[in-house]
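Below: the structure, in structure tokens.
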Amino acid sequence: MVNMDKSDLRTIIIQSIEAERAELARISSNIHSNPEMGFEEEKASDWLTDFLKTREFRVMRGVGGLPTAFRAEYGKGSPVIAILAEYDALPKLGHACGHNIIATSAIGAAVGAKTAVKELGGTVVVMGTPGEEIYGGKAMMLAQNAFDGIEVAMMVHPSSIDSAVVNALACQGLNVEFFGKAAHAAGRPEAGINALEAMILSYNAINSLRQHIRETARIHGIITDGGEAANIVPEHTAANFIVRAQDDDYLTELKGKVLDCFVGAGVATGARLKYEWADVAYSPMLNNMALAHLFADNMQTMGRKMPFALRDRGFGSTDMGNVSQFFPSIHPQVSAVPPGVPAHSPAFRIAAGEELALKAMMDSAKAMALTVSDLLTNPEILAKIKEEFRLHKQAAVEK
Ligand SMILES: [Zn+2]
């Protein structure tokens, strides 16, 4: 392919992905009907890497010290553009976050991007990033330099809406336990120390705190151990909480206040508190607007309009936020389920295996591949994307 017309290349990219439709649909369906929890995604990792290997990608598995992670490359030299795949499911709910669509849109995009790389040079990388939901796999991979050499990163996430940008919060999990003293709850209550009272007091203290935090912040949790029997003063209780905020600074402040709720309840009841923050904190999503516009323009080719208004409500959190603090990144949402269907619900799981989701996967794969092609074609756009990132990071340092 020499001196190919730009519009010809775009057509060939789209056709190359269209030619994989049946195979992509099959892999999506396999992942969807075989949900694997974070860091246990062996089948999904096999299916995705097998696909990429047979399409001439160089596949390295177990990158970043995570057995189900992978890095698959095609081409050589700069620019190095990454497309990220997620493929973990949720406990009990299965693929209620639609990560089967993320995974297959990534490998579909890779096939199209390969067509562009053949013509234009550069490197396309598919990063297989496990354990998004609970562990923050991408943060662990970043810490192990698994993203070395990457210049730009992109992925899509299925949703009930189309949006070029996403509002994802910084967050960190907290595990707490209270240790009291068992006693007969009626016969000798004065001899006991009630670990459940400590937990309930903490829970209520957090409810009180919630009135006085920023609107965009979130605190939520569950009690996982509430005692053994109603006639025993509970000697042990446990809970998991998550604290979220719009930026890392407010997250730090809020974490201190939340912890004080538990400390205070421990003092009030005499129960001993043990706590542990999750190893990984998720960073907020830094949407690269220049890259988002490029992607949105390509989605327009697919007949999709991608709004840019960040919704005022938080979307939740994603470890793509961590990636976005290292490289210019996007994490657009693509309408893949009927309006109003919330993520992490049984309805979302069902919809993630249906025709609308498949269409979103194909459109996203094509738009990402065309975006890679644009980046390889236009060094000035790539420079603009990098400059936006640099200015944002500089502003954060000066703040
Ligand atoms: Zn998700």
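The values are calculated or read from the model by the stated rules, or taken from the named source; none is laboratory data. Please read all numbers here as calculations on a predicted model, not as lab measurements. With ideal geometry, Cβ positions are generated from the backbone for all residues, glycine too; neighbour counts draw on all protein chains shown. Note: accessible area is taken over every heavy atom of the protein model, side chains too, but ligands, DNA and RNA are not part of it. Shrake-Rupley method; radii C 1.70, N 1.55, O 1.52, S 1.80 Å.
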Response to the item:
Scanning the stretch 80-108 for residues that are of a type in the set (A, V, I, L, M, F, W, C) and assigned to a loop (DSSP other than H, G, I, E, B) gives ALA89, LEU93, ALA96, CYS97
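The rows are residues; the columns are (1) among the basic types (Lys, Arg); (2) touching a strand residue (DSSP E or B) at 6+ places or on another chain (Cβ under 7 Å); (3) part of a loop (DSSP other than H, G, I, E, B).
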position: ASP8; (1), (2), (3): no, no, no
position: LEU24; (1), (2), (3): no, no, no
position: MET37; (1), (2), (3): no, no, yes
position: SER45; (1), (2), (3): no, yes, no
position: GLU56; (1), (2), (3): no, yes, yes
position: VAL59; (1), (2), (3): no, yes, no
position: GLY64; (1), (2), (3): no, no, no
position: ALA72; (1), (2), (3): no, yes, no
position: SER78; (1), (2), (3): no, yes, yes
Worksheet item: Within the stretch 256-272, can one find any residue that is in the same structural domain as GLU151 (by TED's automatic domain parsing) and in contact with a Phe, Trp or Tyr (Cβ under 9 Å, 6 or more places away or on another chain)?
Response: no
Item to complete: Would you confirm whether any residue within the stretch 363-380 is of a type in the set (Lys, Arg), assigned to a helix (DSSP H, G or I) and under 19 Å from ASN287 (Cβ atoms)?
Response: no
Practice prompt. Sort through THR115, THR123, THR129, THR54 and tell me the only one that's within 16 Å of the ligand (Cβ to nearest atom) and modelled with pLDDT of 95 or more.
Written response: THR129
Discussion item. Checking ASN322 against (1) within 15 Å of the ligand (Cβ to nearest atom); (2) touching a Pro at 6+ places or on another chain (Cβ under 6 Å), only one condition comes out false. Which one?
Written reply: (2)
Worksheet item: Residues in the stretch 176-191 that are touching a Gly at 6+ places or on another chain (Cβ under 9 Å) and either over 18 Å from ALA238 (Cβ atoms) or modelled with pLDDT under 95 (or both): how many?
Response: 3
Practice prompt. Select from the stretch 252-273 the residues that are of a type in the set (A, V, I, L, M, F, W, C) and in contact with a Leu (Cβ under 8 Å, 6 or more places away or on another chain) and write down the one among them that is nearest to LEU201 (Cα to Cα).
Written response: ALA265
Worksheet item: Could you give every pair whose Cβ atoms fall below 8 Å, whose first residue belongs to the stretch 177-194 and is in the same structural domain as ASN231 (by TED's automatic domain parsing), and whose second residue is open to solvent by 60 Å² or more (accessible area, probe 1.4 Å) and of a type in the set (A, V, I, L, M), counting only separations of at least 6 or pairs across chains?
Response: ALA182/ILE232; ALA183/ILE232; HIS184/ILE232; ALA185/ALA230; ALA185/ILE232
Fill in: Meets criteria (open to solvent by 10 Å² or more (accessible area, probe 1.4 Å), assigned by TED's automatic domain parsing to the domain that holds GLN300 and farther than 30 Å from HIS99 by Cβ) for GLY121
yes
Practice prompt. Could you pull out the residue among PHE262, PHE326, PHE295 that is aromatic (Phe, Trp, Tyr) and out of contact with any strand residue (DSSP E or B) (no Cβ under 7 Å at 6 or more places or on another chain)?
Written response: PHE326
Discussion item. Testing ARG61 on (1) touching a Phe, Trp or Tyr at 6+ places or on another chain (Cβ under 7 Å); (2) at pLDDT below 95; (3) not hydrophobic (A, V, I, L, M, F, W, C), one condition comes back false. Which one is that?
Written reply: (2)
Worksheet item: Inside the stretch 238-356, counting only helices (runs of 4 or more DSSP H) that do not spill past its ends, which hold 3 or more residues that are under 26 Å from THR104 (Cβ atoms)?
Response: 289-301, 320-324, 346-351
Discussion item. Which numbered condition in (1) at pLDDT below 95; (2) more than 13 Å from the ligand (Cβ to nearest atom); (3) out of contact with any Ser or Thr (no Cβ under 7 Å at 6 or more places or on another chain) is the only one that LEU169 fails?
Written reply: (3)
Discussion item. Suppose we keep only residues that are crowded, with 20+ Cβ neighbours inside 10 Å and at positive phi within the stretch 85-102. Which one would you say is nearest to the ligand (Cβ to nearest atom)?
Written reply: GLY98
Practice prompt. Filter the stretch 10-22 down to residues that are among the polar types (S, T, N, Q) and either in contact with a strand residue (DSSP E or B) (Cβ under 7 Å, 6 or more places away or on another chain) or without any contact (Cβ under 8 Å) to a residue 40 or more places away in the chain (or both), then give me how many there are.
Written response: 2
Worksheet item: Is at least one residue of the stretch 189-205 more than 22 Å from LYS274 (Cα to Cα) and open to solvent by 40 Å² or more (accessible area, probe 1.4 Å)?
Response: yes
